[in-house]
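The structure appears below as structure tokens.
Here, each number is a calculation from the coordinates, and none is a lab measurement. In this text, all values refer to a predicted model and were calculated from it rather than measured experimentally. Cβ atoms come from the backbone with ideal geometry, glycine included; neighbour counts cover every protein chain shown.
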Amino acid sequence: MTREIEARLPGAIPFAERFAGSETFRDLFREGMGLVEETAAYLDGDGRAHSRGLGRAASLTYATESMRLTTRLMQIASWLLLQRAVNEGEITQAQAGSEKSKVRLDGGHAPAQNATWDELPVELRDLIGRSMRLQDRVRHLDQAMYAPPAPVVAANPVSRQLGRLADAFGGRPVDA
């Protein structure tokens, strides 16, 4: 949608180029990288201790969800680093578009909120929820920045003329 608007408005500032250099992006970058660091610290520290106290089924859920969490965060970090490289002039927006095809922002799997979900440590569930919300925001931005422009449908000249006739006759539809 953004590209469609940019195509229709000559001289419009392209969203993708401006976003990568914006304070909003810098905030998103700090948030994303901070979440990566926070998750790594948790999984290497308190998370290890928490996982040892879980039963067999909950332990399997913990392992599955922590793997999904780290995968999700690495994909988000990859996307953020590509955008930062554009901002710093290391690569072009087109190069980032090509490289980002390797990044998976498709959502992956929702957490297995089964009977063992409630047995997972609150800290892990919180990190999972925050990472999913961040992924949704990044996916939305990605679509706005890289989605192909929608085809512009040419106006039907007959329809336009009928509309002008309707306006000329007081807004009543013209029988065709």
Would you please report the Å³ per residue occupied by the convex hull of the alpha carbon atoms in region 35-138? 92
Given R₀ = 25 Å, what would the calculated FRET efficiency be for residue 24 paired with residue 126, taking r from the Cβ atoms and rounding to 0.05? 0.55
Contour minus Cα-Cα span, residue 52 to residue 98, at 0.36 nm per residue, comes to 12.3 nm
